[in-house]
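The values are calculated or read from the model by the stated rules, or taken from the named source; none is laboratory data. Since this is a predicted model, take the numbers as computed values, not measurements. Cβ atoms come from the backbone with ideal geometry, glycine included; neighbour counts cover every protein chain shown. Side chains included, ligands, DNA and RNA excluded: accessible areas come from the protein's heavy atoms. Shrake-Rupley method; radii C 1.70, N 1.55, O 1.52, S 1.80 Å.
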Amino acid sequence: MNENQKSDASPDWWQDTLGCWQRLPNKAFFFGLLAAWLALFQFFGNPILGYVHSSSLFAILWNYYENPAMDDDYCELVPFLVVILYWCKRKELLAQPLQTWWPGMLILMGALLLQIAAFSIQQQLFSIAALFMGIFGLMGLAWGREWLKHGFFPFWLFIFSVPLGDHAQFITFPLQQIVCWLTEQCSHLLGVEVIRIGTTLYDPNGKYAYEVAAACSGIRSLTAIFLLATVYGFVVLRSPWKRLFLMGLAPVFSVVGNLLRMLMIILTASLGGQAAGNFVHENFFTSLVPYVPAIMGFILIGNWLEKREKKEAQE
């Protein structure tokens with residue numbers, strides 16, 4: 001096969017993307033409405049003028065993303081992930097009967113009412129939900145119900161682009177308690193005496209003290225691991241129950257990973273004191289430890305579930 005035949009048989013990804021773009025109907029209709037919808041949230045998106053004196057919801061989100069005190073380091077990357085996953089599903093989506101679907105207008109009107117409610121009760125999270133709900137409605141309006149059905153994943157992953165901040169305390173505090181208690185028990189099994197008071201671990205001789213803060217408890221890794229489980233489950237598995245099972249393992253892997261990291265800190269501090277423990281705590285490579293059990297676990301369990309699906313399909 002010569003070079004020209006190879007090119008015709010397997011066009012590169014850019015040519016394939018251009019071909020899919022040309023096949024996509026109602027592009028001007030959708031992107032024109034999308035620009036107007038985004039402009040609404042640029043100029044009338046912030047229901048409260050708080051720490052960021054701006055009417056733009058996007059400025060508020062960017063302020064959250066750039067705040068070093070926030071634990072949602074990955075949020076600004078989620079939209080790019082969603083676009084990539086849509087690109088991966090492009091052939092499946094284009095295979096659907098794509099046409100204008102006027103019930104999508106009801107979703108769009110619902111999003112507009114939600115934005116009005118956000119201004120009424122001064123709740124920024126409502127505005128963020130309205131933004132994404134409106135985009136979902138516009139896709140349905142331009143391309144139909146089947147597009148929404150087959151594109152629901154990955155669209156719902158946009159939820160991971162929302163910084164939780166203080167709204168996650170009902171999750172972070174139990175995680176703090178669990179990780180702190182497990183670290184105390186495992187330290188005793190390893191022969192290291194620590195005293196737990198609340199969510200702080202102390203050396204009996206005053207050699208070191210570490211608080212299991214919200215970030216150390218697993219909230220920083222939990223959402224990232226849950227996102228990883230969701231993407232992996234939807235890409236590899238077909239059964240909704242198997243996907244939910246994989247997603248349900250995210251909190252377990254998050255706790256195990258952060259327990260390992262805290263044990264590393266405590267064991268190092270017991271040998272070298274507070275400074276040595278601080279080095280492990282602040283080290284970039286040890287900060288990646290919570291993700292190791294999750295990645296290995298998802299690969300092993302995901303492969304096992306995938307093989308079961310193939311076996312069930314053959315039967």
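Being assigned to a helix (DSSP H, G or I), out of contact with any Leu (no Cβ under 9 Å at 6 or more places or on another chain) and of a type in the set (S, T, Y) is true of S120.
Tallying residues that are free of Cβ contacts under 8 Å to residues at least 40 places away in the same chain and open to solvent by 80 Å² or more (accessible area, probe 1.4 Å) within the stretch 285-298 yields 2.
Of the candidates I266, I301, the single residue that is modelled with pLDDT of 85 or more and touching a strand residue (DSSP E or B) at 6+ places or on another chain (Cβ under 9 Å) is I266.
Listed by first and then second residue, the pairs linking a residue in the stretch 237-261 that is more than 13 Å from I295 (Cβ to Cβ) to a residue that is basic (K, R) and at pLDDT 85 or above, with Cβ atoms under 7 Å apart and 6 or more places separating them unless they lie on different chains, are L237/R243. The number of residues in the stretch 230-271 being open to solvent by less than 50 Å² (accessible area, probe 1.4 Å) and not charged (D, E, K, R) comes to 24.
Restricting E312, E282 to those that are surrounded by fewer than 17 Cβ atoms within 10 Å (Cβ to Cβ) and under 27 Å from T172 (Cα atoms) reduces the list to E282. Taking the condition closer than 30 Å to V252 by Cβ and touching a residue at least 60 places away in the same chain (Cβ under 8 Å), does L125 pass? Criteria not met by L125.
For (1) modelled with pLDDT of 90 or more; (2) under 18 Å from the mean Cα position of the chain (by Cα); (3) not aromatic (F, W, Y), each residue gets a yes or a no:
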| residue | (1), (2), (3) |
| --- | --- |
| L57 | yes, no, yes |
| Y86 | yes, yes, no |
| A95 | yes, no, yes |
| A111 | yes, no, yes |
| I121 | yes, no, yes |
| M139 | yes, no, yes |
| A142 | yes, no, yes |
| G151 | yes, yes, yes |
| F155 | yes, yes, no |
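Residues in the stretch 98-146 that are open to solvent by 50 Å² or more (accessible area, probe 1.4 Å), under 16 Å from A28 (Cα atoms) and out of contact with any Lys or Arg (no Cβ under 9 Å at 6 or more places or on another chain): 2 in all. Checking each residue of the stretch 203-219 against the condition of being part of a helix (DSSP H, G or I), touching a residue at least 12 places away in the same chain (Cβ under 8 Å) and surrounded by fewer than 22 Cβ atoms within 10 Å (Cβ to Cβ) gives at least one match. Do we have any residue at all in the stretch 59-80 that's farther than 25 Å from F29 by Cβ, of a type in the set (A, V, I, L, M, F, W, C), open to solvent by 50 Å² or more (accessible area, probe 1.4 Å) and assigned to a helix (DSSP H, G or I)? Checked against the condition, which is being farther than 25 Å from F29 by Cβ, of a type in the set (A, V, I, L, M, F, W, C), open to solvent by 50 Å² or more (accessible area, probe 1.4 Å) and assigned to a helix (DSSP H, G or I), the stretch 59-80 yields at least one hit. The set of residues in the stretch 8-23 that are among the small types (G, A, S) and modelled with pLDDT under 90 comprises A9, S10.
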